[in-house]
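Beneath this line is the structure, given in C-alpha cells, with notes to follow.
Values in this text are rule-based calculations from the coordinates and carry no lab data. Everything numeric here is computed off the predicted structure, so don't read it as measured data. All Cβ positions, glycine included, derive from the backbone under ideal geometry; neighbour counts span all protein chains shown.
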Amino acid sequence: MANKEEILDAAKKVAVKAAEAALDVAGKVLDKAAEALEDAKEAQQAEAPKAEAPKAEAKPAAKKEAKVITPKDAKIPEGPLELKWTNYKNHQKLVNPANKRRLDVIVVGTGLAGASAAASLAEMGFNVLNFCIQDSPRRAHSIAAQGGINAAKNYQNDGDSVYRLYYDTIKGGDYRAREANVYRLAEVSNNIIDQCVAQGVPFAREYGGLLDNRSFGGAQVSRTFYAKGQTGQQLLLGAYSALSRQIGKGKVKMYTRYEMLDIVMIADENGEKRARGIIARNLVTGRIERFFAHAVVVGSGGYGNTFFLSTNAMASNGSAAMQMYRHGAYFANPCYAQIHPTCIPKHGDFQSKLTLMSESLRNDGRIWVPKKLEDAKLLQAGKIKGRDIPEEDRDYYLERRYPAFGNLVPRDVASRAAKERCDKGYGVNNTGLAVFLDFSDAIQRLGKDVVAQKYGNLFQMYEKIVDENPYENPMMIFPAIHYTMGGIWVDYELQTSVKGLFCIGEANFSDHGANRLGASALMQGLADGYFVLPYTIQNYLADQIGVPRMSTDLPEFAEAEKAVQEKINKLMAIQGKRSVDSIHKELGLIMWDFVGMGRTAEGLKEGIKKIDAIKKEFWTNVYIPGEANSLNNELEKALRLADFIEIGRLMAVDALHREESCGGHFREEYQTPEGEALRQDDKFSYVGCWKYTGEDSEPELIKEPLDYEFTERKTRNYKN
Amino acid sequence: MDQYIDIKVRVWRQAGPKAQGHFETYELKHVFQGASFLEMIDILNEQLVAEHKDPVTYDHDCREGICGMCSMYVNGHPHGPDSAITTCQLHMRKFKDGETITVEPWRSRAFPVIKDLMVDRGAYDKIMQAGGFVSVNTGGVPDANAIPIPKPVADEAMDAASCIGCGACAAACKNGSAMLFVSAKVSQLALLPQGKVEAAARAKAMVAKMDELGFGNCTNTGACAAECPKSVSLANIARLNREFLCAKFQD
C-alpha cells in the first residue's frame, strides 16, 4: 500500500529529475553555442594570418597559427569518460543484415588488426576483400610479438581495473594520447582475452587451471597474458583461424602476395571524394589490378623499417601510410618512434635486421654495466666476461635510478638509460654499444629449470644468434627501433581525414601517445579489429547502402592505375649504379644518427638535408634489374624505399617542430638536470598532424589539442 | 670464434613455374660466420645485382624464426643442417671454409615452385580453411576463466600450436604428407575444451582437404618431426588418427 508521503516523494523526485534534465539540455545548448563561437574565433585566427604568412622554408606553419582539430571533429562522444563508448554504441547507426550483403569492404593487411577486422566484418555479413603481401595471412609481422597482451581482468587480485589500465597507458604515453580512445581501449581489453580463449588460444595457465599473468614495464600490477614467448603468434593464429573460417565460407576473398600501390578516390554527388577502392600489384605476376569497395580499411603496420635496421620484418613498410597521406589523410606524430631496450646488439655491416628479446625478460633479468671504466675497457677488448666482474663492481643502473620500477621502467626510459651509460664509455661488447641483462640471480632464486620454462625459447634464440650461452654468461642487449606510435590520424571512429578510409592497428596514431607500454600493441591491434572498427565503420556504411557496386572501368580507376604504372616505369628507367639496399642502409644510418634516440635542432636540420640528398641519389642512381611486369623483389623494395625516404623526412620535420621531450621523442635541449624527458605542456600538448601539400612541398601542420579533462597530467615518475 | 670464410653456393634457379630449372654455382669470398644464412644470400644478391644479373628469389620476412616464410633445402635438409631452427636462424658458423653449399626449394608436389627458391604453399591455407578453427564469432563468448584447463593440457596444446606452417614437414616427407601440420592444429584444438566440441568434424574435414590437395599418406617415418623447426611432436599424428577414427565410427 503506497501512502501519501511515498507518492509525494516520488513525484518530487520526478520533478527534480525533469528540472535537472532541462538544466542539462540548457547547459548543453550553451556549451554548443560557446563551442561554435570558439570555432568561429579559431577559424578567424587561422584564416587571418594565413593571407600574410610568409612562405617559411623548413618549418611551414611555424609563423602562422595552425589549423585546429576540435573534439567534435574527432567525433569524441559526449559524457563522462567511462560512458563515452557505451553512449557511442547506443546511438551509432547500424546496417541491417540485408544491406550488409550489398556492401564491400577492402581490408589491407592481415596482422592482428587486419585479420581480426576482416573476420569480424565478414561474420557480420559484409563482403570483405582482404590483401596481404606475404604468401599467407598467417605470416603478418604481428606473429613475431613475444611477450604478451594486457587486459584489466584483475585475475591476480592486485588492484587492477579498467581505470588503472587506462591511467598506466596514458601516463606511459607521456600524456600525448586522447583520453577517450585510451579509455575505450582499456574497456574492451577484457573482451579480447575472452575472445581469444574461446578461439582456442593456448594462453599460459597456473596449476589450478586458471590463466597466468606476468608483469610488464610501466605497470605495478600483473596484467599481461601470455603464451610462452610466442603470444603474438598465438593471437595472430587465433585471428587467422577466424579469418580462414570466413574465407572457407566465401565471405572473405583473400588476395595473398598482393601489395597495395594506391587508393582510388571517387567523388560522391556532393563532390566529396571518398575512398572507393585500391590499385594493387600482384607480386607474382607483376600485374597491376583494380579493386572496388564501399570503404577501405588499412591495417598495414608501422614504418620502423625507415631505419633499415629495426625489429620489424623485412617486408614491413610505410607505403600504405604514404598513399593515404598523399590523398589527404593526416600523418600524426610521425616522430614518435619506440626504441626497444632489449634487442640483440648489431654485429656487422651485412646485418639485415635486429632481433628483439622480449620485454618479459625484464621480469627476472637485471640490467647492469660495470661500475669501473677499466672493467668496461677489458670487456670491450674481449679480455674478460661479464661473469668475471664481482657483484660489488656492477652498476644496476635502472634499479639505482628508478627504485620504484627498477628494471621494469617503460621502454623509452630504459633505452635512454642504456644509451647514457654507453655514451659515457661503459658499454660491454666490442662496439661499446651493449649492456648486460643478467639472469644469474633468477637462476639462483628459481632454479635453472624454472627460468628455462619461462624463457627457454628466447634463450635458445639468443644462443643461436650470438653463439653464447645466456645461462652461463649474461646476455648483451642494446636498444633498437621497434614500433611507431605515430601514424595516420584517425577520429574516434578510426576513420582518417579522408571519407571512407579507415586505419587500424599500428598504422594509426591513436592510443599510445608518445610511448607505447609493453604488451599494449597486441591489445590495440585486436581491440581495433574485433571490437571497435566493426562497430564504428557501420556509422559510415549506413549512409552508403544506396551506393551501388561500381565498375573498375571508371576513369578514376584508370587514372590511378596509370599513375602507378608511370611511377614504376620511372623507377625502372633510372638504371643507375646503386642497389636499393645500399641506399636504404644509408638512409637508416642517417635516421639513427640524426633522428634517433637523442635529437637536437641542429642535428635534425642536418638530417633533413642529408635525407634530401638521399632522395636525389635514389631517384637518379638506383638500379633495378629485371622486368616490371613479372616477379621482381628489387622493384618491390624500391617502391617501398621511395616512401621510406619521404617518411624519414616527415619524422625529422615533426621532431624538429616539437620543441620538447616526451616519451620516445627526446630532444636533448629539453631535459631535467637528471636527464629525464621534459615536456612542454603549455606549447605542445597537441597531436601534430601533417597534411600533404604536394611533392617536394613542405607539409602543413594541423593541431589537435589534447585537453586533459579527466586525468591530471604529471611528470612521469618511476623513481618512487 | 667466428671467422671469415670463402664458400661456393650451388643454388636452384628456375625462371617460372613451368620453366626448366637448373643449378648455378656462385663463389662468395670473405663471408663472416656471424652472418645468418639469409644474410649470406643477401650478400650473394647484392653481388648479382652489381653484375646486373637476376638476384635469387626466395621467401623470407621476420628473420627471427616465427613467420614461417623462409623455405629452403640447405645441404639436403629443410632449413639446413642445424636442428630446431628455421633457415633465417641458421648461421654461417655451421659451415666451413671452402665448403660448397647446395640450396634448393621445398621438394613437394603440393608446393609448386613459383621462382627459384620460392614455392606456393597455398595448400596449407586451404586445409586450415576447411576446418582449422573453432566456430565462434566475435563477441558473446564466456569469461576467459569460466572453464579451467589443467596446466599440462594447456602446455601440450601450446606445444602443438607452435607450428609455424612453414611446410618443412611435407617437404621432408618421402610421401609428401602434411600429417604433422594437420595433426598439430587438430591436436591443439582437440585438447582444449573450446575446440573439443568440433574435434571429430574438424579432423575429418582437414584430412579430406589434405587428401584432395595431393599430399601423400603417412607411413610414420618421422622425418617430419626430425626436421620440424619448432619440434612439433609425432604424438600429434597419433592424436589426429584417434580423432579421425572416432569421426569415422560416428558416421
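Miscellaneous remarks
- Amide H within-cut-off set for A:C343, under 5 Å, with H built and near neighbours excluded: A:M357, A:F478, A:A480
- Partner chain coverage, peptide B:146-159 - average Cβ within 10 angstrom: 5
- Relative contact order, percent, chain A [alpha-carbon distance under 8 Å, six or more residues apart]: 19 percent
- Rounded to whole Hz, the Karplus (6.51, -1.76, 1.60) HN-Hα couplings of segment A:278-289, x for glycine and proline: 9, 10, 9, 9, 6, 6, 7, 9, x, 6, 8, 10
- Förster radius 56 Å - calculated FRET efficiency between A:T70 and B:D6 (Cβ-Cβ, nearest 0.05): 0.30
- For segment A:407-558, alpha-carbon Rg and Dmax in angstrom: 23.2, 70
- Across all directions, the average projected area of the convex hull around the alpha carbons of segment B:4-114 is 7.0 nm².
- Computed E for A:E392/A:R445 - FRET, C-beta separation, R0 22 angstrom, nearest 0.05: 0.70
- Burial ranking of peptide ranges A:241-247, B:35-41 (average Cβ count within 10 Å, highest at the top): A:241-247, B:35-41
- Separation of the A:Q156 and A:L83 label points, Cα + 7 Å toward Cβ, nm: 3.3 nm
- Positive minus negative residues near A:L501 (Lys, Arg vs Asp, Glu; Cβ under 11 Å): +4
- Taking the three principal axes of the alpha carbon atoms in segment B:122-250, the coordinate ranges are 45, 29, 27 Å, sorted in descending order.
- Over 29 Å apart at the Cα level, from the set A:K615/A:K683; A:K75/A:K353; B:K18/B:K126; A:K353/B:K196, are A:K615/A:K683; A:K75/A:K353; A:K353/B:K196.
- By the equivalent-ellipsoid construction on the alpha carbon gyration tensor, segment A:89-247 comes out with semi-axes of 29, 20, 15 Å, ordered largest to smallest.
- The coefficient of translational diffusion for segment A:555-685, derived via Stokes-Einstein from the alpha carbon Kirkwood radius under 10 °C and 1.306 mPa s, stands at 95 µm²/s.
- Note on A:K424: aspartates and glutamates with a C-alpha under 20 Å away, same-chain residues under 8 apart excluded, are A:E374, A:D375, A:E392, A:D393, A:D395, A:E399, A:D412, A:D593, A:E668, A:E669, A:E674, A:E676.
- Separation of the A:T672 and B:K248 label points, Cα + 7 Å toward Cβ, nm: 7.1 nm
- Each part reduced to its alpha carbon centroid, segment A:207-279 and segment B:133-157 end up 19 Å apart.
- Under 5 Å, built H, 5+ apart or other chain: amide partners of A:S661: A:R667, A:L678, A:R679, A:Q680
- Given charges at beta-carbon only (K, R positive; D, E negative), |dipole| of segment A:555-685 in Debye: 500 debye
- Sorting the segments A:115-123, B:157-165, A:139-147 by their residues' average number of neighbouring beta-carbon atoms within 10 angstrom, most packed first, yields A:115-123, A:139-147, B:157-165.
- Near the amide H of A:V297, within less than 5 Å, lie the amide hydrogens of A:I106, A:V107, A:V108, A:F502, all on another chain or at least 5 residues away, with H placed in the peptide plane.
- Its Cα gyration tensor gives the protein assembly as shown an equivalent ellipsoid. The semi-axes, each the square root of 5 times an eigenvalue, are 41, 34, 32 Å from largest down.
- For chain A, calculated [θ]222 nm from helices alone, where every DSSP H run of n ≥ 4 adds -39500 (n - 2.57): -13000 deg cm²/dmol
- Most positive-pole-ward Cα, A:P705, A:S215, A:G250, against dipole of chain A from beta carbon charges: A:G250
- As a ratio to 2.2 N^0.38 Å, the alpha-carbon radius of gyration for segment A:73-121 is 1.49.
- Of the trypsin sites (Lys or Arg not before Pro) in segment B:137-210, the ones in a loop by DSSP (not H, G, I, E or B) with at most 11 other beta carbons within 10 Å are B:K174.
- ³J(HN,Hα), Karplus 6.51/-1.76/1.60, whole Hz, each residue of segment A:104-115, x for Gly, Pro: 9, 10, 8, 10, 9, x, 10, x, 4, 5, x, 5
- Rg followed by Dmax, in Å, when segment A:341-481 is reduced to its Cα trace: 14.0, 40
- Calculated FRET efficiency, A:E566 to B:E46, Cβ-Cβ distance, R0 = 22 Å: about 0.20 to the nearest 0.05.
- Kirkwood Rh, Cα atoms: Rg over Rh of chain B: 1.04
- Extended-chain gain in nm, criterion 0.36 nm per residue less alpha-carbon gap, A:R713 and A:K609: 33.8 nm
- Computed [θ] at 222 nm, helices only, for chain B once each DSSP H run of length n ≥ 4 contributes -39500 (n - 2.57): -11000 deg cm²/dmol
- Taking N as its residue count, the alpha carbon Rg of segment A:543-630 over 2.2 N^0.38 Å: 1.62
- Modelled spin-label separation between A:D682 and A:D268, with each label point placed 7 Å from Cα along the Cα-to-Cβ direction: 4.4 nm.
- Taking other residues whose beta carbon is less than 11 angstrom from the beta carbon of A:T355, and scoring Lys, Arg as +1 and Asp, Glu as -1, yields +3.
- Karplus (6.51, -1.76, 1.60) ³J(HN,Hα), θ = phi - 60°, over segment A:439-456, in Hz, Gly and Pro reported as x: 10, 4, 4, 5, 5, 5, 6, 9, x, 5, 4, 5, 4, 5, 5, 6, 10, x
- Residue (of A:S582, A:Y530, A:A480) at the positive-pole extreme of segment A:474-609, dipole from beta-carbon charges: A:S582
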